[in-house]
Amino acid sequence: MNQRARDESPIAKHVVVSGRVQGVFFRDSCRSEAEAAGVRGWVRNCGDGAVEAVFEGEPRAVERMLSWARHGPPHAQVTDVVVEDADPSGMSGFEVR
């Protein structure tokens, strides 16, 4: 496998975003951003007020989503983003759970 093919192999990241991230259209905005970036996965609210997501796709597209998650939509106030590597699972589309 050449370097370019390796760079474009799908990756996945599990993300937990904390702060004022519920009630500010974070999930719907995340879905729109993911679809625009060509990223697959899901996003959901957590009981503790955080938002959890999985981003899967081409590395640059996933990095674009991680960058977006660090600030979120206009009314969000992100205070922390925890990112962990995940195994790509071949998801299709992006779902709000």
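Observations on the model:
- Residue match in segment 78-90 (condition: hydroxyl-bearing (S, T, Y) and assigned to a strand (DSSP E or B)): yes
- Sub-7 Å Cβ pairs linking a first residue in segment 56-77 that is touching a residue at least 40 places away in the same chain (Cβ under 8 Å) and of a type outside the set (A, V, I, L, M, F, W, C) to a second residue that is part of a loop (DSSP other than H, G, I, E, B) and crowded, with 20+ Cβ neighbours inside 10 Å, at least 6 apart or interchain, are E56/V39; G57/V39; G72/V21, ordered by first then second residue.
- Listed conditions (1) touching an Asp or Glu at 6+ places or on another chain (Cβ under 9 Å); (2) closer than 14 Å to V96 by Cβ are all met by E8, apart from (2).
- For segment 53-97, taking the residues that are among the β-branched types (V, I, T) and closer than 12 Å to A34 by Cα, the one that is surrounded by the most Cβ atoms within 10 Å (Cβ to Cβ) is identified as V62.
- Within segment 45-70, the set of residues being part of a loop (DSSP other than H, G, I, E, B) and more than 13 Å from V15 (Cβ to Cβ) comprises G47, D48, G49, E58.
- So S18, is it surrounded by fewer than 13 Cβ atoms within 10 Å (Cβ to Cβ) and over 10 Å from the mean Cα position of the chain (by Cα): no
FYI, it's all coordinate maths here, none of it is from the lab. All of these numbers come straight from a predicted model, not from anything done at the bench. All Cβ positions, even for glycine, are placed from backbone atoms using ideal geometry, and neighbour counts span all protein chains on display.
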